Amino acid sequence: MKKIGIIGCGWLGFHLANHFSTDYKIYTTTTTEQKAKQLKSQNFNPTIIKFSDENSSFNSPHWEVLQELEAIIITIPFGKKMDIQRLENRFENIKNFIENFQKSLFLMSSTSIYPDIETEISENTLEEKKLNPNILVIEKNMKKEFPQINILRLGGLMGGSRQLKNYSVKDLEKPVNHIHYEDICKIVEIMLQKNIQSKIYNVVAPLHPSKMEVITGKIHTDNICPQKKSRIILSDVMTKDLKYHFLHPNPVFF
């Protein structure tokens with residue numbers, strides 16, 4: 001059976017592991033013994049490792065299964081508000097962990113790389129100087145070290161028990177840029193099947209209802225909840241390249 005690695009098996013990583021477990025033997029990383037026990041019970045073969053933000057005190061070994069893996073998916077978040085030096089240290093530690101890996105590689109990035117401006121945004125709409133420098137530096141470092149990497153800029157992660165109504169939400173008339181975890185899993189699956197490499201894709205559901213509509217689960221057709229002008233993240237490049245049809249196109253029904 002082919003093997004796939006997931007670095008950072010949190011909420012999204014766990015869904016990815018479940019999705020691919022039918023066709024792949026899953027290897028994961030986590031930071032705690034408790035989470036490792038959970039992953040081991042699912043046969044997700046965990047390695048306990050903390051990718052420290054302090055480069056000088058961290059000695060990262062190679063992942064012992066590295067050469068056996070067909071693909072690696074990195075789901076560790078690189079926050080846009082973190083100090084850039086700490087982010088670069090974290091990157092260096094992950095780089096050392098998978099050094100010289102040349103097969104399929106995915107970085108789960110974020111649409112937070114784009115500023116909150118009132119326009120439609122595709123991958124090439126804005127100049128680099130207008131992108132979030134923290135997220136951009138990680139993407140560029142990853143591309144430089146691993147030219148084959150696919151970078152998926154994900155919208156707000158939703159689906160299952162993760163619902164907008166469970167959060168404190170402002171500006172209810174603004175449209176959302178959400179993505180269901182099942183669509184992320186399917187998109188990665190298709191990219192693996194097609195051996196697609198070196199792409200940057202926005203991954204956001206094609207419909208953008210207001211936050212109020214998502215929270216209430218009702219589509220307003222009578223202008224009760226008019227949308228403010230806001231940013232809309234477009235996934236047209238990805239859907240065209242992959243000929244992809246979303247499993248969950250409307251966040252109201254996530």
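Values computed for the structure shown
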read-out	value
Flag for LEU157 being part of a strand (DSSP E or B) and not basic (Lys, Arg)	yes
Odd one out for LYS80 among (1) out of contact with any Pro (no Cβ under 8 Å at 6 or more places or on another chain); (2) open to solvent by 70 Å² or more (accessible area, probe 1.4 Å); (3) at pLDDT 95 or above	(3)
Criterion: basic (Lys, Arg) and surrounded by 15 or more Cβ atoms within 10 Å (Cβ to Cβ) - qualifying residue of LYS243, LYS211	LYS211
Selected residue [touching a strand residue (DSSP E or B) at 6+ places or on another chain (Cβ under 8 Å), in a helix (DSSP H, G or I) and open to solvent by less than 70 Å² (accessible area, probe 1.4 Å)] from LYS35, LYS40	LYS35
Boolean, THR125 is open to solvent by 60 Å² or more (accessible area, probe 1.4 Å), within 18 Å of ASP236 (Cα to Cα) and of a type outside the set (D, E, K, R)	yes
Filter result (touching a strand residue (DSSP E or B) at 6+ places or on another chain (Cβ under 8 Å) and open to solvent by 10 Å² or more (accessible area, probe 1.4 Å)) within the range 179-208	TYR181, GLU182, LEU192, ASN195, ILE196, GLN197, SER198, LYS199, ILE200, HIS208
Residue list for the range 104-142, filter: in contact (Cβ under 8 Å) with a residue 24 or more places away in the chain and assigned to a helix (DSSP H, G or I)	THR111, SER112, ILE113, PRO133, ASN134, ILE135, VAL137, ILE138, GLU139, ASN141, MET142
Qualifying positions in the range 15-31 - open to solvent by less than 70 Å² (accessible area, probe 1.4 Å) and either under 16 Å from ILE72 (Cβ atoms) or modelled with pLDDT under 95 (or both)	LEU16, ALA17, HIS19, PHE20, SER21, TYR24, ILE26, TYR27, THR28, THR29, THR30
When residues of the range 168-178 are limited to those that are at pLDDT 95 or above and part of a loop (DSSP other than H, G, I, E, B), the one least open to solvent (accessible area, probe 1.4 Å)	VAL176
Scope the range 140-164; condition more than 22 Å from PRO249 (Cα to Cα) and surrounded by fewer than 19 Cβ atoms within 10 Å (Cβ to Cβ); matching residues	LYS140, ASN141, LYS143, LYS144, GLU145, PRO147, GLN148
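The values are calculated or read from the model by the stated rules, or taken from the named source; none is laboratory data. Worth saying up front: this structure is predicted, and the values here are computed from it rather than measured. FYI the Cβ positions are ideal-geometry reconstructions off the backbone, even for glycines, and counts take in every protein chain you see. These accessible areas exclude ligands, DNA and RNA; they are computed on the full protein's heavy atoms, side chains included. Shrake-Rupley method; radii C 1.70, N 1.55, O 1.52, S 1.80 Å.
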